[in-house]
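Below is one structure, written out as structure tokens; comments come after it.
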Amino acid sequence: MNESASCEISTDRQRLDVALIHQFLSTSYWARGIPRKVVEQCIENSLCFGAFVAGRQVGFARIVSDFASFAYLADVFVVEEHRGKGIGKQLIQAVVDHPRLQGLRRILLATKDAHGLYARFGFRPLTNPEHFMSVHRPDIYKQSGTKGF
């Protein structure tokens, strides 16, 4: 039996290893330098998915949603030593199958390098990217005391 077969996906926030999540995100290309307090607030205000092997957390994903029409998939990762074992696929499958996310009009995500993974679950490039706008502040965690717009 390979490790992916024994991977457990849970939405129980009490099981999440916040130190692991913070360590990974703070060195990621999308959230470099994120403060632990911000990670804790993100977890508190999201539907979170933890991937566990032998009781140890090895992956994470979170959904920000109104649970009626829209969701944003964020902060998806599998720790390096567990990549290539199908855990990412199991994690995304659990997200798209979650009962609270059924019937949504749109689930959005951003990725630099995992298009193939998400395409397996129906994600496609934006049909009309010119319709979308964003406020993007990639250095926000380097600034101190910045709040709001």
message: Once R0 is set to 41 Å, what does the formula 1/(1 + (r/R0)^6) return for the Cβ-Cβ distance between residue 45 and residue 113, expressed as a FRET efficiency to the nearest 0.05?
response: 0.95
message: Which order do the peptides 89-100, 114-125 come out in when sorted by mean C-beta neighbours inside 10 angstrom, highest first?
response: 89-100, 114-125
- request: For residue 81 and residue 121, calculate 0.36 nm times their separation in residues minus their Cα-Cα distance, and state this gained length in nm to one decimal.
  value: 12.0 nm
query: Rounded to the nearest 500 deg cm²/dmol, what is the calculated helix-only ellipticity per residue at 222 nm for the chain, with -39500 (n - 2.57) per DSSP H run of length n ≥ 4?
result: -6500 deg cm²/dmol
- prompt: How high is the relative contact order of the range 24-149, given as a whole-number percent (alpha carbon pairs under 8 Å, six or more residues apart)?
  reply: 20
query: What relative contact order, as a whole-number percentage, does the range 14-60 give when Cα pairs under 8 Å and 6 or more residues apart are counted?
result: 32
query: GNM on the chain, C-alpha springs below 10 Å: top fluctuator among 65, 134, 28?
result: 134
- prompt: Rounded to the nearest 0.05, what FRET efficiency is calculated for residue 8 and residue 141 with R0 set to 41 Å and r the Cβ-Cβ distance?
  reply: 0.85
message: Using C-alpha positions alone, give me the convex hull volume of the range 3-142 per residue in cubic angstrom.
response: 120
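Read-outs throughout are calculated quantities, based only on the coordinates presented, and are distinct from any laboratory measurement. The model shown is predicted, which means the values in this text are computed figures rather than measured ones. Because the Cβ atoms are built from the backbone with ideal geometry, glycine has one as well, and the counts that use them run over all protein chains shown.
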